[in-house]
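First the structure, in the form of structure tokens, and then the observations on it.
No lab work stands behind these numbers, since they all come straight from the coordinates. Just so we're clear, the structure is a prediction, and the values are computed from it rather than from any experiment. Every residue, glycine among them, receives a Cβ derived from its backbone with ideal geometry; neighbour counts consider all protein chains shown.
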Amino acid sequence: MSDDDKLAHFLHHQIDCWNKGDKEGFLASYREIAPKGLSIEYVGMAAGDPWQMLEGMWQAQASVKIEVLECIQIGNQSASHHRNVLADGSISSETIELYTLSEGRLESRIFIQRP
């Protein structure tokens with residue numbers, strides 16, 4: 001499978017796992033796509049260990065569902081616009097997420113806008 005195909009699968013699978021509450025599937029999607037390294041940057045925030053960042057994100061999973069408003073992929077790069085919706089239907093945040101997959105390494109930059 002090409003990097004382009006792997007990225008397309010990842011983009012959909014990780015969201016599906018998140019919204020279903022499937023933590024093992026969610027984390028596995030990152031391990032599978034990034035066997036040679038993972039980088040996650042929350043723009044404007046301090047850097048951290050990407051696996052700890054994913055664990056921290058997961059703490060909010062029970063109360064947040066992700067709506068994909070747009071996802072554009074060109075080759076091994078993508079940009080997604082997500083809306084994070086609380087159980088009561090209110091919006092907790094919106095994100096623009098940029099992904100680049102290259103030779104088993106995934107780099108992600110996440111811009112977060114809070115209402």
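Assorted remarks:
- Order of 71, 17 - criterion: other Cβ atoms within 10 Å of each residue's Cβ, fewest first: 71, 17
- Gain upon complete extension [residue 2, residue 16; 0.36 nm per residue less C-alpha separation]: 2.9 nm
- Working from Cα pairs under 8 Å separated by at least six residues, relative contact order for the range 1-111 is 28 percent.
- Cβ-Cβ distance of residue 67 and residue 102, R₀ of 30 Å, FRET efficiency by 1/(1 + (r/R0)^6): the value works out to about 0.60.
- Dipole moment magnitude, nearest 20 debye, the chain about Cα centre, only Lys, Arg, Asp, Glu C-beta charged: 180 debye
- Cα-projected label distance for residue 47 with residue 109, points at 7 Å along beta-carbon direction, nm: 1.4 nm
- Between the range 1-22 and the range 24-55, the alpha-carbon centres lie 14 Å apart.
- Choice from 72, 33, 15 showing the highest fluctuation, given a GNM over the chain with Cα pairs closer than 10 Å: 72
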